[in-house]
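Asker: Would you mind keeping the following structure in view while I ask a few things?
The values are calculated or read from the model by the stated rules, or taken from the named source; none is laboratory data. Just so you know, these numbers come straight off a predicted model, no measurement behind them. Because the Cβ atoms are built from the backbone with ideal geometry, glycine has one as well, and the counts that use them run over all protein chains shown. Surface areas here come from the heavy atoms of the whole protein model, side chains and all, with no ligands, DNA or RNA. Shrake-Rupley method; radii C 1.70, N 1.55, O 1.52, S 1.80 Å.
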Amino acid sequence: MTARKLRIGVLEIFVDGPASGLVALLYNRMFTKQYVSIMPQIISVWCRQLGHEVFYRTYYGQADIEALMPPDLDYLLISTYSKNSPLAYSLSHLYRSAGVITVIGGPHAKAFPEDCSRHFDVTVGDCDKQLLEDILAAGRDGPAIVSSGRTLRDIPTVEERMPEIRIASFDEGRPGRLTAIPLLSSVGCPYSCNFCIDWSNNYHQLPTERLKADLEYVSRNLPGVLLGFHDPNFGVNFDATMDVMRSVAPGARNPYVMESSLSILKPSRLPALSETNCVFVLPGIESWADYSNKTGVGRRTGAKKLEEVVLHLRELSRYVEGIQANLIFGTDSDAGSTPVDLTLEFMKTMPEVWPAINVPIPYGGTPLADEWRTNNRVLSAMPLLFYRNPYLTFQPANYDAQSYYENWLRLRKGLMSPSLFARRMASSTSLRVKGMNMLRTLRMHSGYREVRRHLHAIRTDKQLADFHAGRSTVLPDYYEEKYERALGKYAQLLPRGRRAPSLGGEPASVGPLAQPLRFVPNAALSRN
């Protein structure tokens, strides 16, 4: 244990800035706030157990992000996704200029460690309590990229994480209707999907006695509060996991949500979901032309896969009140209008299932990214801010940018269909699911307008069209201006010419900034 008591900030960032518009504000307040990850809470508990003073916060666009942390920290530990990393980088530069040691972990640090090391003192891959203690004992010895190299074997209990849970998930000190308590019953995944950062993480079930203790604790102290399992693929060891879930008395079981492949959710197992109070499932369908092993349909693709998936989900809907099907449009197996037609047919056939449609993203450390970089298909100048829907960060195999977005617009338009919305609302008896679908649909309207403007720009802006076609490697002004609007005052901390990420495979620039910072931080960050 380090000899000195340190002041440590632990911050998870969900968004790239304050929300604009009533719908975005409501969505962030009601849903984005509940996207809290479990690992930052674990890190916060470990820091506290090591004897340090900890300030844990989450950022979902509720305020100026600088206001969330005190200025006189010794360490600032940040976790975020790649799409929000520019804001994390900006905050790191501000705190480093005030003498604070900054550390980044989480999914972005794992995907793009070289890029993180340009902006943080320490970048962490896999972490456990021993590695955390070593980092805090080392002081300013960066920039460094470190990893424990060990599989996570145990985590703090819900009871130990309650201070963090109250901060992240409660409303005015009390759980709200949509409060979700993050849980973890396993790490790793048995599948090796080439787009997923967990593709090489072997599955490992965490101690079942720990899960049992957590379930009993929330049943006694947080009755009726939703549990959110953060396992990459819940229920791989299905029978053993369900036995633990059943250890809580039937009338006292908290509702829970989880993500699982359909291949695990065999029809014979579905009654166990209802019995254990599962209320929401997020199965990965991915593509109609690929990844069929996850859906348990053998080698079936196209219309045959759609037919089998519909039958399976229809049976699942008998036992679970909410289903979200995760889909990807733009894989190398997608071509023409067929994948869009199949997805639209899926929506019409199963309005009760919310289709979450995603753009493929070349996250570092995945076979997909390695293949696309080898073939020069990754848009290497694209800032990480745009590693999100609906932006293309690569060149699709069978679409140019214009035809891709024309198809994407068809998907968005279909999803917002008034008749489909009416059928979706009528198909559910759950007020929780109805409210979620209503707010999601409203949010889709602003997303639809964004895609329409984006398509117009690609049709009319030659610089943009050349960039997406690979005829130019210079980031178009269109993206530079979007970047600056999104980052606001923080954009000057990452000026033009410094926004292209280090994607891996080449030496990272880990030295000091080429130019001194001219940004004047809030007065709170001044130690003078």
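Asker: Give the stretch 467-513 a look and list any residue that's at pLDDT below 90 and surrounded by fewer than 13 Cβ atoms within 10 Å (Cβ to Cβ), or say none.
Answerer: Correct list: GLY497, GLY505, GLU506, PRO507, GLY511, PRO512.
Asker: In the stretch 405-437, what residues are of a type in the set (A, V, I, L, M), modelled with pLDDT of 85 or more and open to solvent by 20 Å² or more (accessible area, probe 1.4 Å)?
Answerer: Listed by number, the residues that qualify are LEU409, MET416, ALA422, MET425, ALA426.
Asker: Also, quick follow-up: Which of the residues belonging to the stretch 126-150 are open to solvent by less than 30 Å² (accessible area, probe 1.4 Å), in a loop (DSSP other than H, G, I, E, B) and in contact with a strand residue (DSSP E or B) (Cβ under 9 Å, 6 or more places away or on another chain)?
Answerer: Listed by number, the residues that qualify are CYS127, GLY139, SER148.
Asker: Here is a follow-up. Taking PRO516 as the residue in question, decide whether it is open to solvent by 90 Å² or more (accessible area, probe 1.4 Å), modelled with pLDDT under 85, under 21 Å from SER82 (Cβ atoms) and part of a loop (DSSP other than H, G, I, E, B).
Answerer: no
Asker: Let me ask something else. Against the definition (crowded, with 18+ Cβ neighbours inside 10 Å, closer than 27 Å to LEU442 by Cα and modelled with pLDDT of 95 or more), how does LEU316 come out, yes or no?
Answerer: Yes.
Asker: Still on this structure: Which of the residues belonging to the stretch 15-40 are crowded, with 17+ Cβ neighbours inside 10 Å and of a type in the set (Ser, Thr, Tyr)?
Answerer: TYR27, THR32, TYR35, SER37
Asker: Among the listed residues PRO182, PRO163, identify the single one that is over 21 Å from the mean Cα position of the chain (by Cα) and at pLDDT 90 or above.
Answerer: Sole residue among the options that is over 21 Å from the mean Cα position of the chain (by Cα) and at pLDDT 90 or above: PRO163.
Asker: Restricting the search to the stretch 41-57, which residues are farther than 12 Å from ILE8 by Cα and open to solvent by 10 Å² or more (accessible area, probe 1.4 Å)?
Answerer: GLN49
Asker: Consider SER85 carefully, then state whether it is buried (at least 23 other Cβ atoms within 10 Å of the Cβ) and touching a residue at least 24 places away in the same chain (Cβ under 8 Å).
Answerer: In short, yes.
Asker: Find all pairs meeting these conditions: Cβ atoms under 6 angstrom apart; at least six residues apart or on different chains; first residue within the stretch 395-411 and within 20 Å of LEU379 (Cα to Cα); second residue open to solvent by 40 Å² or more (accessible area, probe 1.4 Å) and among the hydrophobic types (A, V, I, L, M, F, W, C).
Answerer: Matching pairs, first to second residue: ASN398/ALA335.
Asker: Report, by residue number, each residue of the stretch 440-470 that is farther than 28 Å from ALA397 by Cα, in contact (Cβ under 8 Å) with a residue 40 or more places away in the chain and in contact with a helix residue (DSSP H, G or I) (Cβ under 6 Å, 6 or more places away or on another chain).
Answerer: LEU442, ARG443, listed by residue number.
Asker: (1) in a helix (DSSP H, G or I); (2) under 18 Å from TYR405 (Cβ atoms): which one isn't true of THR331, the others all being true?
Answerer: So THR331 meets the others, but not (1).
Asker: Sticking with this one: Hey, can you tell me all the residues within the stretch 358-392 that are assigned to a loop (DSSP other than H, G, I, E, B), open to solvent by less than 10 Å² (accessible area, probe 1.4 Å) and either within 16 Å of ALA109 (Cα to Cα) or among the hydroxyl-bearing types (Ser, Thr, Tyr) (or both)?
Answerer: PRO362, GLY364, THR366, PRO383, TYR387
Asker: Being open to solvent by less than 10 Å² (accessible area, probe 1.4 Å), touching a residue at least 12 places away in the same chain (Cβ under 8 Å) and not hydroxyl-bearing (Ser, Thr, Tyr) is the requirement here; does ILE181 meet it?
Answerer: yes
Asker: Report yes if some residue within the stretch 443-456 is farther than 21 Å from ALA24 by Cα and open to solvent by less than 50 Å² (accessible area, probe 1.4 Å); otherwise report no.
Answerer: yes
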